[in-house]
Amino acid sequence: MSGRGEEEEDEEEDEEEEEEEEEEGVRITAQLLKASTGEFALESILLLRLRSCGIAHLGCLGDCANLEWLDLSGNAIAQLGPLAALRALAVLNLARNRVASLEPLGACRRLQTLNLAGNRVRQLRQLRCLAGLRRLESLRLRDPLARLDNPLCAAPAYRDAVAAMLPGLKAIDGERLSGRGSELYQLCRDLDGSLGRDGADAGTEPPRAAQPWVEAGFWEPPPPRRSSIIEEAYKQFGEVLRECRELSRRADDTIAQAERALGGRPDPGSFVF
């Protein structure tokens, strides 16, 4: 009973602080959004970065219906209500804010990456609203480099509890789950296992020599080929080039003769027309 009472007191304190902070901070308006993005229509905004702007109320942010990437880190945001309308949102950064309730995020069905480091998530049950997000792969509650965390991170083995609640996650706090670096790691592990079973069945038989994947000389470039068509083309090109040179020589001779002929005439100004 005492534990339940402490949780209720914490929630009441968070709600009171949220109401005070919303009144004091900046509210997102259509003018702010258009000035930040250069877009004339809020529906045209796909990417939005509003870091450390003193924002406390999300205002009309829900009108950005096609928003896919959103960075609101370093603000004073506590209420996430308008985010429920962002059905196309895939990446959301809320690091270093004052968020305690995540319920509106349950409607962001396309959400894949969520950063909540440096907020007020105290209990594991506050993350249950994220269980329906089938595309959510990365969740960050703690950032050691930036020295950000949530009260929940003080609980022992909180990462295991979060992984059990949200089995679709592939990374928590920037670390791959189950120590798997990537899908390639698992593929290599399965391959090693199958090779190990084959070796066990073979008993003491020595391994066979490795065979090349391709035949010798496969990567060597083929010798250049000269077809009769190419040879004939070269021949005709040479003949045309010789004809051009001969025409150029004749033109030079004709011009020289004309210059000599004109050089012996009197001044054209002396003629009477």
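Name every residue in the stretch 123-143 that is touching an Asp or Glu at 6+ places or on another chain (Cβ under 8 Å) and open to solvent by 50 Å² or more (accessible area, probe 1.4 Å), in order of residue number.
Selection gives Gln123, Arg140, Arg142.
Answer yes or no as to whether Arg134 is in a loop (DSSP other than H, G, I, E, B) and over 17 Å from Leu177 (Cβ atoms). Quick ask: steps written out before the conclusion?
Numbers: in a loop (DSSP other than H, G, I, E, B): yes; over 17 Å from Leu177 (Cβ atoms): no.
Here the answer is no, as Arg134 does not meet what is asked.
Starting from the stretch 77-89, take each residue that is open to solvent by 30 Å² or more (accessible area, probe 1.4 Å) and list its partners that are outside any helix (DSSP H, G or I), counting only C-beta distances under 6 angstrom and pairs at least six apart or across chains.
Pro82/Leu58
Would you pick out the residues in the stretch 1-34 that are open to solvent by 80 Å² or more (accessible area, probe 1.4 Å), assigned to a helix (DSSP H, G or I), modelled with pLDDT under 95 and not charged (D, E, K, R)?
Ser2
If you check Glu68 against the conditions, is it at pLDDT below 95 and either within 25 Å of Leu148 (Cα to Cα) or of a type in the set (S, T, N, Q) (or both)?
The answer is no for Glu68.
Name every residue in the stretch 144-179 that is part of a strand (DSSP E or B) and open to solvent by 60 Å² or more (accessible area, probe 1.4 Å), in order of residue number.
Within the stretch 144-179, the first condition is being part of a strand (DSSP E or B), and the residues that meet it are 148, 171-172, 175-176.
Passing the criteria: Glu175, Arg176.
Within the stretch 106-122, count every residue that is open to solvent by 60 Å² or more (accessible area, probe 1.4 Å) and touching a residue at least 60 places away in the same chain (Cβ under 8 Å). Explain how you work it out, then say what you get.
Step one: of the stretch 106-122, the residues open to solvent by 60 Å² or more (accessible area, probe 1.4 Å) are 109-110, 112, 122.
From what's left, touching a residue at least 60 places away in the same chain (Cβ under 8 Å): 122.
Count: 1.
Kindly indicate whether Val99 is modelled with pLDDT of 95 or more, within 24 Å of Cys60 (Cα to Cα) and open to solvent by 20 Å² or more (accessible area, probe 1.4 Å). Walk me through how you get there before you give the answer.
Working: modelled with pLDDT of 95 or more: yes; within 24 Å of Cys60 (Cα to Cα): yes; open to solvent by 20 Å² or more (accessible area, probe 1.4 Å): no.
So Val99 fails the test.
Pairs, please: C-beta under 6 Å, at least 6 apart or cross-chain, first residue among the acidic types (Asp, Glu) and in the stretch 39-60, second open to solvent by 50 Å² or more (accessible area, probe 1.4 Å)?
Glu43/Asn66
From the set of residues in the stretch 35-57 that are surrounded by 17 or more Cβ atoms within 10 Å (Cβ to Cβ) and in contact with a Lys or Arg (Cβ under 8 Å, 6 or more places away or on another chain), which is farthest from Arg98 (Cα to Cα)?
Leu42
Take Arg260 and decide whether it is of a type outside the set (Ser, Thr, Tyr), exposed (fewer than 10 other Cβ atoms within 10 Å of the Cβ), modelled with pLDDT of 70 or more and more than 55 Å from the chain's Cα centre (by Cα). Let's see the steps before the verdict.
On the way: of a type outside the set (Ser, Thr, Tyr): yes; exposed (fewer than 10 other Cβ atoms within 10 Å of the Cβ): yes; modelled with pLDDT of 70 or more: yes; more than 55 Å from the chain's Cα centre (by Cα): yes.
In short, yes.
The values are calculated or read from the model by the stated rules, or taken from the named source; none is laboratory data. Note that the coordinates shown come from a computational prediction; the quantities given were computed from them, not determined experimentally. All Cβ positions, even for glycine, are placed from backbone atoms using ideal geometry, and neighbour counts span all protein chains on display. All accessible areas refer to the heavy atoms of the entire protein, side chains included, with ligands and DNA or RNA removed. Shrake-Rupley method; radii C 1.70, N 1.55, O 1.52, S 1.80 Å.
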